[in-house]
Amino acid sequence: MDDYLQARKQMVLEQIAARGIRDARVLAAMETVPRHLFLPPEEQAYAYSDGPLPIGHGQTISQPYIVALMTELLALQGQERVLEVGTGSGYQAAILGKLAAEVHTVEIIPELAQGAQEILKNLGLTNVWVHIGDGSLGWPPAAPYHGILVAAAAPDVPQPLLEQLADGGRLVIPIGGRGFQELQLWQRHGKRYRQERNISVAFVLLRGEHGWK
Ligand code: SAH
(Lines give C-alpha, C1' and ligand atoms only; values in the text may rest on other atoms or scores of the structure.)
Protein backbone atom coordinates (compact mmCIF):
# COMPACT_ATOMS: atom_id res chain seq x y z
CA MET A 1 0.00 0.00 0.00
CA ASP A 2 1.23 3.44 -0.91
CA ASP A 3 -0.54 6.03 1.24
CA TYR A 4 1.01 8.84 -0.73
CA LEU A 5 -0.04 7.89 -4.28
CA GLN A 6 -2.90 10.39 -4.25
CA ALA A 7 -0.60 13.14 -3.00
CA ARG A 8 1.85 12.34 -5.80
CA LYS A 9 -0.83 12.47 -8.50
CA GLN A 10 -1.88 15.85 -7.16
CA MET A 11 1.74 17.06 -7.07
CA VAL A 12 2.18 16.10 -10.73
CA LEU A 13 -1.04 17.81 -11.82
CA GLU A 14 -0.86 20.99 -9.77
CA GLN A 15 2.86 21.68 -9.46
CA ILE A 16 4.41 20.10 -12.54
CA ALA A 17 2.00 19.67 -15.45
CA ALA A 18 0.30 22.97 -14.56
CA ARG A 19 3.66 24.76 -14.91
CA GLY A 20 4.27 23.42 -18.40
CA ILE A 21 6.17 20.14 -18.05
CA ARG A 22 4.88 18.05 -20.97
CA ASP A 23 7.22 15.03 -21.27
CA ALA A 24 4.89 12.11 -20.46
CA ARG A 25 7.77 9.90 -19.30
CA VAL A 26 8.90 12.56 -16.83
CA LEU A 27 5.36 12.99 -15.47
CA ALA A 28 5.01 9.20 -15.09
CA ALA A 29 8.33 8.91 -13.25
CA MET A 30 7.38 11.71 -10.86
CA GLU A 31 4.10 9.93 -10.16
CA THR A 32 5.85 6.61 -9.54
CA VAL A 33 8.87 7.40 -7.36
CA PRO A 34 7.94 7.57 -3.63
CA ARG A 35 9.56 10.91 -2.76
CA HIS A 36 8.67 10.59 0.96
CA LEU A 37 11.00 7.59 1.33
CA PHE A 38 13.98 9.82 0.51
CA LEU A 39 13.28 12.15 3.43
CA PRO A 40 14.04 11.96 7.16
CA PRO A 41 10.95 10.72 9.09
CA GLU A 42 10.08 14.19 10.42
CA GLU A 43 9.92 15.61 6.88
CA GLN A 44 7.93 12.84 5.20
CA ALA A 45 4.55 14.49 5.78
CA TYR A 46 5.75 17.43 3.63
CA ALA A 47 7.22 15.28 0.87
CA TYR A 48 4.68 16.34 -1.77
CA SER A 49 4.55 20.02 -0.89
CA ASP A 50 5.68 22.65 -3.40
CA GLY A 51 9.19 23.40 -2.19
CA PRO A 52 12.65 22.13 -1.22
CA LEU A 53 13.12 20.27 2.10
CA PRO A 54 16.06 19.67 4.44
CA ILE A 55 17.82 16.27 4.18
CA GLY A 56 20.50 16.83 6.83
CA HIS A 57 24.13 17.97 6.64
CA GLY A 58 22.89 21.45 5.61
CA GLN A 59 21.65 20.09 2.24
CA THR A 60 18.21 20.06 0.61
CA ILE A 61 16.14 17.95 -1.75
CA SER A 62 14.99 20.17 -4.64
CA GLN A 63 11.41 21.31 -5.16
CA PRO A 64 9.49 18.70 -7.22
CA TYR A 65 8.96 21.14 -10.11
CA ILE A 66 12.70 21.85 -10.36
CA VAL A 67 13.48 18.11 -10.41
CA ALA A 68 10.94 17.69 -13.24
CA LEU A 69 12.20 20.71 -15.17
CA MET A 70 15.87 19.72 -15.03
CA THR A 71 14.96 16.16 -15.99
CA GLU A 72 12.84 17.30 -18.93
CA LEU A 73 15.69 19.49 -20.19
CA LEU A 74 17.83 16.34 -20.56
CA ALA A 75 15.26 14.98 -23.09
CA LEU A 76 15.92 11.36 -22.16
CA GLN A 77 14.58 8.57 -24.39
CA GLY A 78 15.63 5.55 -22.33
CA GLN A 79 18.93 4.39 -23.81
CA GLU A 80 21.20 7.00 -22.22
CA ARG A 81 23.98 6.87 -19.68
CA VAL A 82 23.54 9.80 -17.30
CA LEU A 83 25.68 11.49 -14.63
CA GLU A 84 24.26 13.37 -11.65
CA VAL A 85 26.49 15.57 -9.48
CA GLY A 86 25.14 15.92 -5.93
CA THR A 87 23.23 12.76 -4.97
CA GLY A 88 21.85 14.24 -1.76
CA SER A 89 18.84 12.11 -0.81
CA GLY A 90 18.99 10.06 -4.03
CA TYR A 91 15.54 11.22 -5.20
CA GLN A 92 16.67 12.91 -8.41
CA ALA A 93 18.85 9.89 -9.19
CA ALA A 94 15.81 7.62 -8.80
CA ILE A 95 13.84 9.74 -11.28
CA LEU A 96 16.76 9.57 -13.72
CA GLY A 97 16.99 5.81 -13.14
CA LYS A 98 13.39 5.43 -14.35
CA LEU A 99 14.14 7.35 -17.55
CA ALA A 100 17.65 6.32 -18.65
CA ALA A 101 19.55 3.06 -19.07
CA GLU A 102 22.34 3.79 -16.59
CA VAL A 103 22.81 6.48 -13.95
CA HIS A 104 26.00 7.41 -12.09
CA THR A 105 25.56 9.85 -9.23
CA VAL A 106 28.41 11.39 -7.23
CA GLU A 107 28.10 12.77 -3.68
CA ILE A 108 30.83 14.46 -1.66
CA ILE A 109 29.28 13.76 1.80
CA PRO A 110 29.75 10.03 2.49
CA GLU A 111 26.78 9.74 4.91
CA LEU A 112 24.37 11.13 2.30
CA ALA A 113 25.78 8.82 -0.39
CA GLN A 114 25.33 5.80 1.88
CA GLY A 115 21.78 6.78 2.81
CA ALA A 116 20.83 7.30 -0.83
CA GLN A 117 22.38 4.00 -1.87
CA GLU A 118 20.34 2.16 0.74
CA ILE A 119 17.02 3.69 -0.37
CA LEU A 120 17.76 3.11 -4.07
CA LYS A 121 18.62 -0.51 -3.34
CA ASN A 122 15.41 -1.02 -1.36
CA LEU A 123 13.44 0.37 -4.29
CA GLY A 124 15.14 -2.08 -6.65
CA LEU A 125 16.74 0.60 -8.82
CA THR A 126 19.64 -1.55 -9.95
CA ASN A 127 20.70 0.77 -12.80
CA VAL A 128 21.74 3.61 -10.44
CA TRP A 129 25.31 3.66 -9.10
CA VAL A 130 26.18 5.95 -6.17
CA HIS A 131 29.80 7.08 -5.91
CA ILE A 132 31.50 9.05 -3.13
CA GLY A 133 33.75 11.79 -4.46
CA ASP A 134 34.14 15.27 -5.89
CA GLY A 135 31.58 15.41 -8.69
CA SER A 136 32.92 18.75 -9.94
CA LEU A 137 35.49 16.49 -11.61
CA GLY A 138 32.70 14.39 -13.15
CA TRP A 139 33.03 10.62 -12.97
CA PRO A 140 35.58 9.63 -15.63
CA PRO A 141 35.28 5.80 -15.37
CA ALA A 142 31.79 5.78 -16.94
CA ALA A 143 32.19 8.76 -19.33
CA PRO A 144 30.99 9.89 -21.81
CA TYR A 145 27.46 10.76 -20.72
CA HIS A 146 24.46 11.60 -22.88
CA GLY A 147 23.09 13.66 -20.02
CA ILE A 148 24.67 15.40 -17.03
CA LEU A 149 22.60 17.01 -14.26
CA VAL A 150 24.28 19.14 -11.60
CA ALA A 151 22.18 19.60 -8.45
CA ALA A 152 24.36 22.28 -6.81
CA ALA A 153 25.29 25.81 -7.91
CA ALA A 154 28.67 26.28 -9.62
CA PRO A 155 30.62 29.51 -10.29
CA ASP A 156 31.19 28.39 -13.90
CA VAL A 157 30.58 25.22 -15.86
CA PRO A 158 33.28 22.76 -14.70
CA GLN A 159 35.48 21.91 -17.68
CA PRO A 160 35.61 18.16 -16.83
CA LEU A 161 31.82 17.98 -17.18
CA LEU A 162 31.91 19.52 -20.67
CA GLU A 163 34.64 17.05 -21.62
CA GLN A 164 32.67 14.08 -20.30
CA LEU A 165 29.61 14.98 -22.37
CA ALA A 166 28.96 12.72 -25.39
CA ASP A 167 28.42 14.27 -28.82
CA GLY A 168 24.82 15.53 -28.86
CA GLY A 169 24.69 15.21 -25.07
CA ARG A 170 23.03 17.70 -22.72
CA LEU A 171 24.22 19.26 -19.48
CA VAL A 172 21.85 21.03 -17.06
CA ILE A 173 23.47 23.15 -14.35
CA PRO A 174 22.65 26.11 -12.07
CA ILE A 175 25.31 28.80 -12.52
CA GLY A 176 25.82 31.53 -9.94
CA GLY A 177 26.58 32.18 -6.28
CA ARG A 178 24.82 32.12 -2.94
CA GLY A 179 21.18 33.15 -3.28
CA PHE A 180 19.96 32.87 -6.84
CA GLN A 181 21.41 31.27 -9.93
CA GLU A 182 20.38 30.77 -13.51
CA LEU A 183 19.66 27.30 -14.79
CA GLN A 184 21.69 26.69 -17.95
CA LEU A 185 21.32 24.00 -20.58
CA TRP A 186 24.46 23.13 -22.58
CA GLN A 187 24.44 20.89 -25.62
CA ARG A 188 27.54 19.45 -27.25
CA HIS A 189 27.92 19.39 -31.05
CA GLY A 190 31.33 17.89 -31.79
CA LYS A 191 33.86 20.37 -30.45
CA ARG A 192 31.25 23.10 -30.01
CA TYR A 193 28.94 23.77 -27.09
CA ARG A 194 25.68 25.67 -27.40
CA GLN A 195 24.17 27.25 -24.31
CA GLU A 196 20.60 28.27 -23.51
CA ARG A 197 19.46 30.08 -20.39
CA ASN A 198 16.49 28.91 -18.47
CA ILE A 199 14.83 30.14 -15.31
CA SER A 200 16.14 31.63 -12.10
CA VAL A 201 16.73 28.99 -9.38
CA ALA A 202 18.18 28.68 -5.85
CA PHE A 203 20.48 25.73 -5.11
CA VAL A 204 22.99 24.86 -2.40
CA LEU A 205 26.59 25.52 -3.42
CA LEU A 206 28.80 23.09 -5.33
CA ARG A 207 32.02 22.32 -3.42
CA GLY A 208 35.16 20.65 -4.67
CA GLU A 209 37.85 21.59 -7.14
CA HIS A 210 35.56 23.36 -9.66
CA GLY A 211 33.04 24.52 -7.06
CA TRP A 212 32.94 27.36 -4.54
CA LYS A 213 35.91 27.51 -2.15
N1 SAH B 1 19.78 15.78 -6.10
C2 SAH B 1 19.61 15.77 -4.66
C3 SAH B 1 19.69 17.14 -4.04
C4 SAH B 1 21.07 17.60 -4.00
S5 SAH B 1 21.50 18.92 -2.93
C6 SAH B 1 18.34 15.10 -4.26
O7 SAH B 1 17.55 14.67 -5.14
O8 SAH B 1 18.11 14.95 -3.07
C9 SAH B 1 23.15 19.09 -3.53
C10 SAH B 1 24.08 17.99 -3.11
O11 SAH B 1 25.32 18.21 -3.76
C12 SAH B 1 24.38 17.94 -1.62
O13 SAH B 1 24.09 16.67 -1.12
C14 SAH B 1 25.88 18.24 -1.55
O15 SAH B 1 26.54 17.54 -0.52
C16 SAH B 1 26.34 17.77 -2.92
N17 SAH B 1 27.62 18.33 -3.40
C18 SAH B 1 28.10 19.59 -3.26
N19 SAH B 1 29.27 19.71 -3.88
C20 SAH B 1 29.55 18.48 -4.44
C21 SAH B 1 30.63 17.97 -5.21
N22 SAH B 1 31.68 18.71 -5.56
N23 SAH B 1 30.58 16.68 -5.60
C24 SAH B 1 29.53 15.89 -5.26
N25 SAH B 1 28.48 16.33 -4.53
C26 SAH B 1 28.49 17.60 -4.13
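Couple of notes before you dig in:
- Summed residue charge, Cβ within 10 Å of TRP186's Cβ, Lys/Arg positive, Asp/Glu negative: +2
- The stretch 161-213-the stretch 24-85 distance, computed between alpha-carbon centres (Å): 18
- Placing +1 on each Lys and Arg Cβ and -1 on each Asp and Glu Cβ, with no other charges, gives the chain a dipole about its Cα centre of roughly 580 debye.
- Kirkwood hydrodynamic radius of the stretch 68-117, Cα pairs, Å: 11.0
- Eligible lysines near LYS98 by straight Cα distance, threshold 18 Å, same-chain separation 8 or greater: LYS9, LYS121
- Under the Debye formula (equal points on every Cα, no solvent term), log10 I(q)/I(0) of the chain at q = 0.09, 0.10 Å⁻¹: -0.30, -0.37
- Charged neighbours of ALA166, selected by a Cβ distance under 15 Å, balance to +2 (K, R count +1; D, E count -1).
- Accessible carbon and sulfur surface of the chain relative to its total accessible area, %, 1.4 Å: 52
- Compactness of the stretch 1-70 - radius of gyration and Dmax, Cα, Å: 11.7, 34
The values are calculated or read from the model by the stated rules, or taken from the named source; none is laboratory data. A quick note: this is a predicted structure, and the numbers were derived from the prediction, not measured. Glycine gets a Cβ as well: all are built from the backbone with ideal geometry, and neighbour counts include every protein chain shown. Keep in mind that these areas ignore ligands, DNA and RNA; they rest on the heavy atoms of the full protein, side chains included. Shrake-Rupley method; radii C 1.70, N 1.55, O 1.52, S 1.80 Å.
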